[in-house]
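Worksheet: the structure to be examined is printed underneath.
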Amino acid sequence: MEEGKIGNIEMLCIIVNAMACKAFFTSIAAVVQKVGTAGWYMTLISMSVSLIVFGLMLQLVKAYPGKNIMEIFDEALGKRVGSVLNLIFCLILLLSISITLREFTDATKVYLLHETPPGFIVGSFIIAIVLVSFLGLESLGRVAKLFSYPLISTFIIVILLSSKSFQAHRLYPLLGYGAGTTLKNGLIRSSDYGEIILLGIFAKALNSTTDFKSVGRRGIVISGAIISTVLFSTILSFPYFIAGELMDPLYIMASLIDYGRFFQRIEVVFIFTWNLSTLIGLTAVFYGAVSCYTHVFDMNDKKPIIVSFAFIVYILALIVPTVSIMLDYVVPNLRQLGWIGFYTPILIAWPIWFFFKRSKQAYAKKN
């Protein structure tokens, strides 16, 4: 099924929401646990790694104009190997959406819906994802653009209002647990920006490789700025040994805003940002996984796969029995090892194209 064209702003909003929505959940606390007060600039190291990998993907897209990354894998490596790499993308995207959805569910249950069964929260959210996915990428882009402006405005307002509780001394020691630890974690946690592969999957929805380059670089930088700002604000608001134990530090930070009798407990504004950004981001990830699967098996109709994948995501999101296992094992392992699934297909395809296909393309173009 051919996707329509969408504008650069729409695609940018999709990509930024897909990468940045994780900042609302336990990933922030996990970063503080790993590197202490250095978390706010550690994520910029991860962002730099993602920019490098995106540069490799950009070269592939330029070498095969008019094709998305899935078609490029097939052409550069052959259908069999390309299918394996596309299925890796599909699998890592499914794992990513399932784990982030479970984080959202647990946070919602702890702070808002104490008596509601997790299955009901997950099911309601998946229904919304399925409905938007049925409408296609163009509709998702319009929804993302429509809501991203109020979302970023709300986010900035919450951060500014929270500044009252900031304490500069909490940034020390500046090196956290050491420069080596910060650099190591910055490299291995680059999967925080792994959803940039969605831009390669949706590449044909853009008008040119110039648009692809612009959207990709701006998307990574904006997401890095958002995640770094969240970490910076969290570290300023709480001692690092406390921030590392909070399930959702940003929500707690918003709940502490107090400017008098008639202006307090405005975390309901943050919840609006939290819910909508997560819905847009997870829908994009879900739709990307569906696109990879339908491409591998040459399926024109995505709708049956959307329904099937919805059941798979529902099961994966609820398969972990307790919150503690999710926070102590599942989320840290995905953030530390997720780069293998997000980046390995590109790191395999790029050298093969560069050393074996590039010269043949140049010769064919010359003749």
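The values are calculated or read from the model by the stated rules, or taken from the named source; none is laboratory data. Here the structure is a predicted model, which means the values were calculated and not measured. Backbone-built Cβ (ideal geometry, glycine too); neighbour counts: all protein chains shown. Protein only, heavy atoms only, side chains kept; ligands, DNA and RNA dropped before computing areas. Shrake-Rupley method; radii C 1.70, N 1.55, O 1.52, S 1.80 Å.
In this label model, Thr322 and Gln336 are separated by 2.0 nm, measuring between points 7 Å along each Cα→Cβ vector.
Computed from label points 7 Å out along Cα-Cβ, the spacing between Ala179 and Met299 is 5.1 nm. Beyond 30 Å in Cα-Cα separation lie the following of the pairs Lys213/Lys302; Lys109/Lys204; Lys145/Lys357; Lys79/Lys184; Lys67/Lys302: Lys109/Lys204; Lys145/Lys357; Lys79/Lys184.
Within the stretch 192-340, what whole-number % of the accessible surface is contributed by carbon and sulfur, with the 1.4 Å probe and all protein chains included in the calculation?
On the way: 3900 of 6030 Å².
Summing carbon and sulfur atoms, their accessible area is 65 percent of the total for the stretch 192-340.
Here the simple spin-label model places points 7 Å from the Cα toward Cβ, and for Thr344 and Thr210 these points are separated by 3.8 nm. The charge dipole of the stretch 1-152, taken about its Cα centre with unit charges on the Cβ of Lys, Arg, Asp and Glu (plus for the first two, minus for the last two), comes to roughly 240 debye.
Just to confirm, what accessible area per residue do you get for the stretch 202-341 at 1.4 Å probe, in whole Å²? Display every interim value, and only then the final one.
Details: 6010 Å² over 140 residues.
Per residue, the stretch 202-341 has an accessible area of 43 Å².
Accessible area per residue for the stretch 17-106, computed on protein heavy atoms with a 1.4 Å probe, is 28 Å².
Each residue of the stretch 112-121 is assigned a 3J(HN,Hα), and the resulting list reads 10, 10, 5, 9, 7, x, x, x, 5, 5 Hz, derived from the Karplus form 6.51 cos²θ - 1.76 cosθ + 1.60 (θ = phi - 60°), x at Gly and Pro.
With the whole protein complex present, Arg217 retains an accessible surface near 110 Å², based on a 1.4 Å probe. When only alpha carbons are used to place a centre, the stretch 84-100 and the stretch 223-298 end up 21 Å from one another. If you run the Gaussian network model on the chain, springs between alpha carbon atoms under 10 Å, then out of Gly180, Gly66, Gly36 the most flexible one is Gly180.
Residues Leu60, Leu318, Leu146, sorted by accessible area with the largest first, give Leu146, Leu318, Leu60 [1.4 Å probe; ligands and nucleic acids excluded]. How far, in degrees from 0 to 90, does helix 179-188 lean away from the longest principal axis of the Cα atoms of the chain, to the nearest 10? In the chain, helix 179-188 runs at an angle near 50 degrees to the longest axis. When the surface is traced with a 1.4 Å probe over the full set of protein chains, Asp258 keeps roughly 70 Å² accessible. Whenever you get a sec, compute what percent of the accessible area on the stretch 1-138 sits on carbon and sulfur atoms (1.4 Å probe). Answer for the stretch 1-138 is 69 percent, counting heavy atoms of protein chains only. Each of (1) 80, 51, 36; (2) 61, 44, 33; (3) 74, 44, 36 is a candidate for Cα extents along the principal axes in Å; the one calculated from this structure is (3). Each listed q (0.21 Å⁻¹) maps to a log10 I(q)/I(0) for the stretch 146-209 from the Debye sum over equal C-alpha point scatterers, namely -0.99. Using a 7 Å offset from Cα along Cα-Cβ at Val84, what residues in the stretch 295-314 end up with backbone N under 17 Å from the label point? Answer for this model: 296-297. Ordering Lys79, Lys302 by accessible surface, largest first, gives Lys79, Lys302; the 1.4 Å probe counts only protein heavy atoms, with every chain in place. Sorting Glu75, Glu245, Glu267 on solvent-accessible area from highest to lowest, probe radius 1.4 Å, gives Glu245, Glu75, Glu267. Compared with the direct C-alpha span, the chain from Thr116 to Arg358 gains 81.5 nm at full extension, assuming 0.36 nm per residue. Here the gap between Leu171 and Leu44, fully extended at 0.36 nm per residue and compared with their Cα-Cα distance, gives a gain of 44.1 nm. The stretch 316-359 and the stretch 1-40 have Cα centres spaced 15 Å apart. The solvent-accessible area of Cys90, taken with every protein chain present and a 1.4 Å probe, is close to 10 Å².
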